[in-house]
Amino acid sequence: QVQLVESGGGLVQAGGSLRLSCVASGRTFSNYGMGWFRQAPGKEREFVAALNRYSANTYYADSVKGRFTISRDNAKNTVYLQMNSLKPEDTAVYYCAAAYGGGTYVSANTYDYWGQGTQVTVSS
């Protein structure tokens, strides 16, 4: 089992920045590819960003490319999502997820473990 705990969400004005963190425990963190997803009210969960076990490969949704950066610190068992130039349409609950195998995965079905989510609200 892997436990994931997100933090760093909150209320921010459009154009502002937030950094989300997700701390993992329970298994060897570097065995897992990590991803961030989000779900807005009334919408399906969507992919945001992912990176592989050693941060060699990253992938972003087109809607966040150039504004968000995913990174990880394997020594701290933590994955981050730096979000800049936030827009009201970024408002959602953000979830981190872990996929055994260490690759870079876009599909939510590939992920084995999920955090409880952290709310991000961007005001206009």
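The values are calculated or read from the model by the stated rules, or taken from the named source; none is laboratory data. Because the structure is a prediction, the values reported are computed rather than measured. Here the Cβ is made from the backbone with ideal geometry for all residues, glycine too, and neighbour counts use every protein chain on show. All accessible areas refer to the heavy atoms of the entire protein, side chains included, with ligands and DNA or RNA removed. Shrake-Rupley method; radii C 1.70, N 1.55, O 1.52, S 1.80 Å.
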Residue count, the stretch 1-29 (criterion: farther than 21 Å from Asn77 by Cβ, in a strand (DSSP E or B) and of a type in the set (Gly, Ala, Ser)): 1
Quick one: in the stretch 4-31, which of the residues that are of a type outside the set (Lys, Arg) and modelled with pLDDT under 95 is most open to solvent (accessible area, probe 1.4 Å)? Thr28
Output for the stretch 102-114, where each listed residue is open to solvent by 10 Å² or more (accessible area, probe 1.4 Å) and assigned to a loop (DSSP other than H, G, I, E, B): Gly103, Thr104, Tyr105, Val106, Ser107, Tyr111, Asp112
The stretch 78-89, subset open to solvent by less than 30 Å² (accessible area, probe 1.4 Å) and under 14 Å from the mean Cα position of the chain (by Cα), residue nearest to Ser17 (Cα to Cα): Met83
Checked the stretch 32-55 for anything within 19 Å of Cys22 (Cα to Cα) and either open to solvent by 70 Å² or more (accessible area, probe 1.4 Å) or among the β-branched types (Val, Ile, Thr) (or both); matches are Arg45, Glu46, Val48, Tyr54
Would you mind finding the one in Tyr54, Tyr60 that is in contact with a helix residue (DSSP H, G or I) (Cβ under 8 Å, 6 or more places away or on another chain) and over 16 Å from Val120 (Cα atoms)? Tyr54
Looking at Ser107, Ser71, Ser7, which one is over 22 Å from Gln119 (Cβ atoms), among the polar types (S, T, N, Q) and under 14 Å from the mean Cα position of the chain (by Cα)? Ser107
Note on the stretch 30-49: residues not in a strand (DSSP E or B) and not small (Gly, Ala, Ser) are Asn31, Pro41, Lys43, Glu44, Arg45
Check Ala99, Ala92, Ala75 and return the single one that is open to solvent by less than 10 Å² (accessible area, probe 1.4 Å), of a type outside the set (Ser, Thr, Tyr) and more than 13 Å from Glu46 (Cα to Cα). Ala99
Every listed condition ((1) charged (D, E, K, R); (2) more than 18 Å from Ile70 (Cα to Cα); (3) touching a Gly at 6+ places or on another chain (Cβ under 6 Å)) holds for Glu44 save (3)
